[in-house]
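The values are calculated or read from the model by the stated rules, or taken from the named source; none is laboratory data. As the structure is a computational prediction, the values presented were derived from the model and not from experiment. All Cβ positions, even for glycine, are placed from backbone atoms using ideal geometry, and neighbour counts span all protein chains on display. Heads up: the accessible areas ignore ligands, DNA and RNA and are worked out on the full protein's heavy atoms, side chains in. Shrake-Rupley method; radii C 1.70, N 1.55, O 1.52, S 1.80 Å.
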Amino acid sequence: MTAEMIFVALMIVLMLLGLLFEAARADLIVFFFLVVFLLTGIISTEQALSGFSNEGMLTVLLLFIVAGAIQKHGIIENYIDRLLSDHRGTKRSMIKLLAPISLFSGFLNNTPIVVTLTPILKNWCQQNGIAPSKFLIPLSYVTILGGTITLIGTSTNLVVHGLLIQSGREGFGFFQLSVVGLPIAVAGLIYIFTLGYRLLPDTLGAKEQIRKEVKEFLAEAVIEKGYEHVNGRIVDAVNNSLKGIYIIEIIRNDTRIFPVTPNTIIEEGDHLLFSGTLNTIASVQKQKGITLKTGTDQTLDSLKDDKFELIEAVISHQSGLVGKSVKSAHFRSKYNAGVIAVHRNNERIKGRVGEIMLKPGDTILLLAGNDFMETHMHSIDFYVVTSLSPPEPLNQSSAKGWAGLALLLVMISSVTLGFLSMFEAMLIAVILLMLFKFIDADEMLSYIQFNVILLIASAFGVGAAMMESGLAQFLAENMLMIARPLGVIGLIAILYIMTNIFTELITNTGAAVLMFPIAMEMAAQMDMDYMGLTVTIAIAASASFITPIGYQTNLIVYGPGGYKFTDYIKVGVPLSLMTMVISTLIIYTVWF
């Protein structure tokens, strides 16, 4: 290995460690190392910027807009509501629901599908006495499997497609991946409906567990005349006699003061609604001038009124809240919402809420203004998953929703018949949606997940660094030494396993970009059809079932389903092995 190869390998290892331990947002980590490779001369400015103009990346950007326009009018939610209206057993309902969703995922981005359906499905489960944990992991898995059916089913397929075009080769056809995607989707559905269903836990979601614990952790205190901080600021009281509690709101006569700021004045007769541990509640009870209302009638539901309601949200990988405490993030002032409790790994975190360091996948229960859902429904900080009345935009026009879906199908047909490229078709679709006022400019921007775009674009430059330094060639040669005795089918299996491991530890698009140059070198050295190996990477990078951090949809259902990390391992390992075996055999048969 040359010095340059060692340097690039070291930087990539550091990047992978940063992604694995969530040192910062994934897109910022990859972008940082892109800048390192640029400044050290490993790649040129043109190579560093190549990802930002790549056809695959730009197609992903346009697809976010098209999917958002269709989702906006609520046709998917209405369709699912009709499907679930006739409940005749859990298994039958699961089949009726998940089979069509896997098909939807082949044509729409799977992340908004899961974000939209998680609260609907969770509420339906609760109403019918079914644990949401029996439905939410399957929801994530079927959208992942469905995404492998077409070129636009997942950003991974489009990224590999863009890399092929950038390298001067022919990209994927619209249904080219279906030869692998359809069999693994069907096999995956059968597994989920049979063995997978038995392996799924039967647990409550975070919100229900908090409801069970609420008498212990949610308390109400009355401020009396003798209290030392009467007519003083909240911050002074919290730093002295009210240490360790988190004040949610103040009830003053018939008025509710929320959010409570550090400078809010405490008055005699105020009722402080707060959360804390049993020890901190006992400490408050001992304070002179404070009466603790034991056995309070206040419950989570009683906190809701015309102005405020309960929201359950999941912290995302890309959130600026990751690594910060609720207090240091200034959550209450930033979002006009108070954090009542935090759940992690299906357990309520004990201790003062304001001091909890937030991590990706944490479920937070909020008391928020009734405009929270509409204001933050597209925030990159978290996925709002509590079931609420649909925001006004969803009630606009189902006719427009169906028209948007028809437009997407027309564009897909034009790509399939060879009239347009995928990028051209999506560009025309977005222009028509804007022209006929299906969406406006502000909505269009809100649908684009810029963190995902930055991650994908930056990863292209990292892949270029592997090629330019010779590291990709070095890794390909060493992988071939191991794989040659096993034959072509062994080579496909090793490439699949390596890509899948990267996917589970970092991200699907990052894994695809890192493995693409290695696959191309292996194809060149073995004089093999590159298409078979790139299909292997696309499928393996999408098939993330073993951890909640490898794929966004797994993370979205993590908290609401009340899952533990080990639940993904237990249910996902058999599915992952089955997918690998089927994919390897089909790819070997079709391309080699």
Please compare each pair in 225/327; 72/134; 91/134; 359/570 to a cut-off of 19 Å on the Cα-Cα distance and tell me which ones are over it.
225/327; 72/134; 359/570
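Computed FRET efficiency, Cβ-Cβ of residue 243 and residue 265, R0 22 Å: what is it to the nearest 0.05?
On the way: r = 19 Å, r/R0 = 0.87.
So the FRET efficiency works out to roughly 0.70.
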Crossing angle, helix 55-72 versus the chain [Cα axis fit, 0-90 degrees, rounded to tens]
40
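For the chain, report the accessible area per residue in Å² (1.4 Å probe, heavy atoms, rounded to an integer). If you can, show how the numbers build up before the last one.
On the way: 23160 Å² over 592 residues.
Result: 39 Å² of accessible area for each residue.
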For residue 256 paired with residue 90, estimate the spin-label separation in nm (one decimal), with each label point 7 Å from Cα along the Cα-to-Cβ line.
3.5
Contour minus Cα-Cα span, residue 2 to residue 285, at 0.36 nm per residue, comes to 95.0 nm
Suppose each label sits 7 Å from its Cα in the direction of the beta carbon; what would the residue 197-residue 32 distance come out to in nanometres?
4.6
Using alpha carbons only, what's the Rg to Rh ratio of the stretch 1-103 with Rh from Kirkwood?
1.23
How much length is gained if the chain between residue 324 and residue 370 is pulled fully straight, taking 0.36 nm per residue apart and subtracting their Cα-Cα distance, in nm to one decimal?
14.0 nm
With only helices counted (DSSP H, runs n ≥ 4, each -39500 (n - 2.57)), the per-residue ellipticity at 222 nm for the chain, to the nearest 500, works out to -17500 deg cm²/dmol
For the chain, what log10 I(q)/I(0) values come out of the Debye formula at q = 0.05 1/Å, with one point per alpha carbon and no solvent?
-0.24
Distance from a point 7 Å along Cα→Cβ of residue 565 to each backbone N in the stretch 495-512: keep the residues under 18 Å and list them by number.
501-507
Which three extents, in whole angstrom, do the alpha-carbon atoms of the stretch 477-592 cover along their principal axes, largest first?
49, 23, 22
Probe 1.4 Å - accessible area at residue 529, Å² to nearest ten:
60
For residue 481 and residue 435, what does the FRET efficiency come to when R0 = 41 Å and r is the distance between their Cβ atoms, rounded to the nearest 0.05?
0.15
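With every protein chain kept in the model, how would you rank 424, 309 by accessible area, 1.4 Å probe, largest at the top?
Numbers: 424 85, 309 50 Å².
Accessible-area ranking of 424, 309, largest first: 424, 309.
If each residue of separation counts as 0.36 nm, what is the full-extension length gain between residue 187 and residue 292 once their alpha-carbon separation is subtracted?
On the way: separation 105, 0.36 × 105 = 37.80 nm, distance 5.75 nm.
Result: 32.0 nm gained on full extension.
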